[in-house]
Amino acid sequence: MSEPSTMDKQQASGLRSLIDSRVINHERLPMLEVVCERMVRTFSTSMRNLISDGIEVTLQDMQSVRFDSYMSGLLDPSMIAVFKVPAWRDYGLVVVDQNLIYAIVDALLGGRRGGASNRIEARKFTPIETNLVSKMVELMLNDLSAAFQPIAPVSIEMERVETSPRFAAIAGPTNICTTAKFNIDMDGRGGAFTVLLPSALLEPIRGKLTQRFMGEKLGGDTTWQDHMESEIRQTELELSAILGEIELGLGSVRNLQVGQTLTLDTSPDTPIDVQCGGVSLGRAHMGRERHHIAISMIDGIERGQN
């Protein structure tokens, strides 16, 4: 059996380099950034209610990564919450770093303020630590679900907590994922957590996420729009029926007197022009209805461009 030639080895090496490339050509999702910023505001309030302390939550960055590249960089053990989105039939992850785990536990159990924790311990997490951090993750997922509502009403449910990256394999190794990293500061102590969203999870709403602007629809409140529409429909306009027009010299206009008759080049059967604000709406016939002069439209009203 012959050995592979140098050319074959180079081609195989080039193909492997292409497959393993860390350079990812990803599509920007502007509205996903808006969703994350909105979640930051509501989650800050939720954390203050949970801990009754000064909390600052910030969005640090958003990146596109391959699933195996991100997971291989996690410590073992790690606190990894697996959540599902039934409507989109897929899963995502929330990865909480150890500094934030210890800070949350200290804050909820009455630990002293201040003093940033930099403990990195290669040990399993206790049930108490897991349960307390799970409360924080559930709050965050509820706020993330609310932040998605204006784009796509959806429910996000936490399914389980894993401590080994091997048991949190929710996507293929080469699948592209979007990660959003958030920082939490609690009077000098805190840490970060990362939300990992596989591309397959976001596929049902990708078209909406690529939009650059959705206006105030992000708030989901159409009260102001409905009010404006109602008021506009009730606006009163003045219509003018133009019987006819003649041209007079400036001298004739200056000599106009009370009782003087001006003859228009218009007969009783000639259609007259109906205008609103100087804009012609159509033509009409003039007549009488009971004791009032009336007009009857004979042309379709020109509504202009919408």
Identity of the residue in the stretch 162-216, of a type in the set (S, T, N, Q) and within 17 Å of Val133 (Cα to Cα), that ends up surrounded by the most Cβ atoms within 10 Å (Cβ to Cβ)
Thr194
Does the stretch 283-306 hold any residues that are touching a Lys or Arg at 6+ places or on another chain (Cβ under 8 Å) and at pLDDT below 85, and which are they?
Asp299
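Against the definition (surrounded by 10 or more Cβ atoms within 10 Å (Cβ to Cβ) and within 60 Å of the chain's Cα centre (by Cα)), how does Gly277 come out, yes or no? Can you show your working first?
Values: surrounded by 10 or more Cβ atoms within 10 Å (Cβ to Cβ): no; within 60 Å of the chain's Cα centre (by Cα): yes.
It is false that Gly277 is surrounded by 10 or more Cβ atoms within 10 Å (Cβ to Cβ) and within 60 Å of the chain's Cα centre (by Cα).
Find the residue count for the stretch 226-242, including only residues that are surrounded by 10 or more Cβ atoms within 10 Å (Cβ to Cβ) and of a type in the set (Lys, Arg). Before the answer, list the steps.
Restricting attention to the stretch 226-242, the residues satisfying the condition of being surrounded by 10 or more Cβ atoms within 10 Å (Cβ to Cβ) are 226-229, 239-242.
In the following step, the residues that additionally are of a type in the set (Lys, Arg) were identified as none.
Selection size over the stretch 226-242: 0.
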Filter the stretch 28-79 down to the residues that are among the acidic types (Asp, Glu) and outside any helix (DSSP H, G or I), then identify the one that is nearest to Ile170 (Cα to Cα).
Asp76
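Hey, could you check the stretch 170-204 for residues that are closer than 16 Å to Val85 by Cα and small (Gly, Ala, Ser) and say which is nearest to the chain's Cα centre (by Cα)? Before the answer, list the steps.
Going residue by residue through the stretch 170-204, those that are closer than 16 Å to Val85 by Cα are 170-171, 177-178, 195-204.
Okay, now just the ones that are also small (Gly, Ala, Ser), so 171, 199-200.
Details: Ala171: 25, Ser199: 17, Ala200: 18 Å.
The qualifying residue nearest to the chain's Cα centre (by Cα) is Ser199.
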So which pairs qualify, if the first residue must be in the stretch 260-285 and more than 26 Å from Leu237 (Cα to Cα), the second must be among the charged types (D, E, K, R), the Cβ gap must be under 8 Å, and the two must be at least 6 apart or on different chains?
Leu264/Glu245
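Could you list, in sequence order, the residues of the stretch 35-78 that are free of Cβ contacts under 8 Å to residues at least 40 places away in the same chain and either outside the structural domain of Asn99 (by TED's automatic domain parsing) or under 21 Å from Gln211 (Cβ atoms) (or both)? I'd like the intermediate steps shown before the answer.
From the stretch 35-78, those free of Cβ contacts under 8 Å to residues at least 40 places away in the same chain are 37, 41, 44-45, 48-49, 52, 73; that's our starting set.
Matches in the stretch 35-78: Glu37, Arg41.
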Between a first residue in the stretch 194-206 that is part of a strand (DSSP E or B) and a second residue that is hydroxyl-bearing (Ser, Thr, Tyr), which pairs have beta carbons less than 6 Å apart while being 6 or more apart in sequence or on different chains?
Thr194/Thr179; Leu196/Thr179; Leu197/Thr178
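For the stretch 86-105, give me each residue that is farther than 17 Å from Ser199 by Cβ and in contact with a helix residue (DSSP H, G or I) (Cβ under 7 Å, 6 or more places away or on another chain). Before you say what the answer is, go through the steps one by one.
Kept after step one, since they are farther than 17 Å from Ser199 by Cβ, are these residues of the stretch 86-105: 86, 94-105.
Those that are farther than 17 Å from Ser199 by Cβ and in contact with a helix residue (DSSP H, G or I) (Cβ under 7 Å, 6 or more places away or on another chain): Val94, Val96, Ile101, Ile104, Val105.
Residue check: is Leu132 touching a Gly at 6+ places or on another chain (Cβ under 7 Å), assigned to a helix (DSSP H, G or I) and at pLDDT 90 or above?
On the way: touching a Gly at 6+ places or on another chain (Cβ under 7 Å): no; assigned to a helix (DSSP H, G or I): yes; at pLDDT 90 or above: yes.
Spelling it out, it is not the case that Leu132 is touching a Gly at 6+ places or on another chain (Cβ under 7 Å), assigned to a helix (DSSP H, G or I) and at pLDDT 90 or above.
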Do we have any residue at all in the stretch 144-164 that's touching a Pro at 6+ places or on another chain (Cβ under 8 Å), in contact (Cβ under 8 Å) with a residue 12 or more places away in the chain, within 19 Å of Pro77 (Cα to Cα) and assigned to a loop (DSSP other than H, G, I, E, B)?
yes
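The values are calculated or read from the model by the stated rules, or taken from the named source; none is laboratory data. From a predicted model like this one, the values you see are computed outputs, not experimental measurements. Virtual Cβ from ideal backbone geometry, glycine too; neighbours counted across all protein chains shown.
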